[in-house]
Amino acid sequence: MRDFETKRLKRSGLSPTVALNAKGIEMKEKGIDVLSFAAGEPDFDTPDAVKEAAIQAILANKTHYTSAAGTVALRRAIAQKLREENGIDTDENCIIVTPGAKLALFQALLAFLEEGDECLVPTPAYPSYRAIIQMTGASYIPVPLKIEEGFHLTRGMLEEKVTDRTKMLIVCNPCNPTGHVLTDEEIKDIAAFAEAHEILVISDEIYEKLIYDGRVHRSLGSIPPIKDRVITLNGFSKSAAMTGWRIGYSAANPVLTKAMMKLQTNTVNCTASFVQEASLAAFSCTEETELMRRSYLQRRDLICDGLNSIPGIFCPRAEGAFYAFFKIDYQGMTAEQLADYILEKAGVLVVPGTAFGEGGEKCIRLSFAADAASLEMAVERMRKIFS
Ligand code: PMP
Ligand code: GLU
């Protein structure tokens, strides 16, 4: 058969996190003893109020197309949240509700990147940034950060990589996989850089509610000189444990929103109507979100203390999100070799740090959105193979 795949698509690959998650599920189904920490998703169930709202919405026949950008009620609620909690000056005309934040990301990149453009990504980073950038035909330009420096980003690092073709910068705050939460200094640097070079900034804030040790989340979209050039991405997957419902959103100025609507109206049309109704109820689940956050925090400490007690492992405490991203010095192994070794010898499924790009060498990502007993067992199994 002819090779039908486009060059654009050939440049990118399958999502490693999604693929590894599937591998873990398959291994378990085959009865193989594996502890899987590859998936990045809450281990909590969706709050009852959200489930009840969805059932009521279906019974009330909220089963038709909604307006393409999302129901006015939901877009208003999202805009209000962004104004009140994030200081983003927005309204319902600047919001697009999508089936998952991942689709909002896809729309933002496809709408504004093309062949000849360059997109900066501080790494380690969520693998789909690179894959989607490559699908658009643009060049992915990593800005590698160091675990030893707390994954701190400086303006100098960005200036080193900028060219007259740089059109966009993607930041994830808090970061998947490193857990880093941007400091005020970093926010200032990014804003000054984006303003000086007139570039767009994608601010992926999907882990916004999962922040530890009194750190504060600041949205780039609230910074006056760059507010019109920031596309904020968020959703309900992490804050309300709604990964399988597939709902997220983008917030951007009306001109950018109009461009992204070309993709929305010609692809998904709209996000599932009863899921939109249910998501309205998620805004009242602040108590549940806080309980989840506290539980992740306990498990972060459990896994970090455990891993740091193993010689050769350096596991910084995640400042946000629910991933331990740690370095292992063991017989000169690469990240891939380490992940294979851990799976083969300890039956523990993790993601090699290099799946997240430059800066992930000799590193492993382990999701601590998993039960404490499994985390403890994983530490003990790893202690055996690394001692
Ligand atoms: N961005 C990051 C950094 C993520 O980790 C995820 C979750 N996989 C997403 C976006 C997409 O989330 P959603 O489930 O809303 O598509
Ligand atoms: N947030 C998850 C992860 O990073 C889900 C998988 C994905 O969306 O790529 O593992």
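Taking only the range 159-185 into account, find how many residues are β-branched (Val, Ile, Thr), under 23 Å from residue 138 (Cα atoms) and within 16 Å of ligand 1 (Cβ to nearest atom).
Qualifying residue count, the range 159-185: 2.
Is it the case that the range 75-90 has a residue that's without any contact (Cβ under 8 Å) to a residue 12 or more places away in the chain, among the small types (Gly, Ala, Ser) and under 26 Å from residue 199 (Cα atoms)?
There is no residue in the range 75-90 that is without any contact (Cβ under 8 Å) to a residue 12 or more places away in the chain, among the small types (Gly, Ala, Ser) and under 26 Å from residue 199 (Cα atoms).
Would you please list the contacts, defined by Cβ atoms under 7 Å and residues six or more apart or on different chains, that run from a residue in the range 171-184 that is without any contact (Cβ under 8 Å) to a residue 60 or more places away in the chain to a residue that is of a type in the set (A, V, I, L, M) and near ligand 1 (Cβ under 9 Å from one of its atoms)?
Short answer, once both residue conditions are applied: 172/125.
Consider the range 1-24. How many of its residues are in a helix (DSSP H, G or I) and within 16 Å of ligand 1 (Cβ to nearest atom)?
Result for the range 1-24: 8.
Among the candidates 252, 241, single out the residue that is touching a helix residue (DSSP H, G or I) at 6+ places or on another chain (Cβ under 8 Å), in contact (Cβ under 8 Å) with a residue 60 or more places away in the chain and within 26 Å of residue 364 (Cβ to Cβ).
Answer to the check: 241.
Out of 125, 111, report the one residue that is out of contact with any Leu (no Cβ under 7 Å at 6 or more places or on another chain) and touching a residue at least 24 places away in the same chain (Cβ under 8 Å).
Residue meeting the stated conditions: 125.
Being in contact with a helix residue (DSSP H, G or I) (Cβ under 6 Å, 6 or more places away or on another chain) and over 30 Å from residue 352 (Cα atoms) is the filter here, so list the residues in the range 38-62 that pass it.
Listed by number, the residues that qualify are 47, 49, 50, 53, 54, 57, 58, 62.
Identify all residues within the range 300-313 that are surrounded by fewer than 21 Cβ atoms within 10 Å (Cβ to Cβ) and in a helix (DSSP H, G or I); write none if there are none.
Scanning the range 300-313 gives 301, 302, 304, 305, 306, 308.
For the range 18-37, does any single residue satisfy the condition of being over 30 Å from residue 380 (Cβ atoms) and under 22 Å from the mean Cα position of the chain (by Cα)?
no
How many residues does the range 157-199 contain that are charged (D, E, K, R) and either surrounded by fewer than 15 Cβ atoms within 10 Å (Cβ to Cβ) or out of contact with any Leu (no Cβ under 8 Å at 6 or more places or on another chain) (or both)?
9
Between 269, 308, 253, which is away from ligand 2 (no atom under 16 Å from the Cβ) and at positive phi?
269
When you go through (1) surrounded by 14 or more Cβ atoms within 10 Å (Cβ to Cβ); (2) within 16 Å of ligand 1 (Cβ to nearest atom) one by one for residue 27, which number turns out not to apply?
(2)
So which residues in the range 241-284 are in a helix (DSSP H, G or I), of a type in the set (Val, Ile, Thr) and surrounded by 17 or more Cβ atoms within 10 Å (Cβ to Cβ), if there are any at all?
Scanning the range 241-284 gives 243, 257, 275.
Out of 353, 332, 320, 347, I need the residue that is surrounded by fewer than 22 Cβ atoms within 10 Å (Cβ to Cβ) and in contact (Cβ under 8 Å) with a residue 12 or more places away in the chain. Which one?
The match here is 347.
Limited to the range 135-155, what total is found for residues that are buried (at least 21 other Cβ atoms within 10 Å of the Cβ) and in contact with a Ser or Thr (Cβ under 6 Å, 6 or more places away or on another chain)?
Qualifying residue count, the range 135-155: 1.
A short reminder: the numbers here are calculations on the coordinates, not readings from a lab. No experiment lies behind these values; they were computed from the predicted model shown. All Cβ positions, glycine included, derive from the backbone under ideal geometry; neighbour counts span all protein chains shown.
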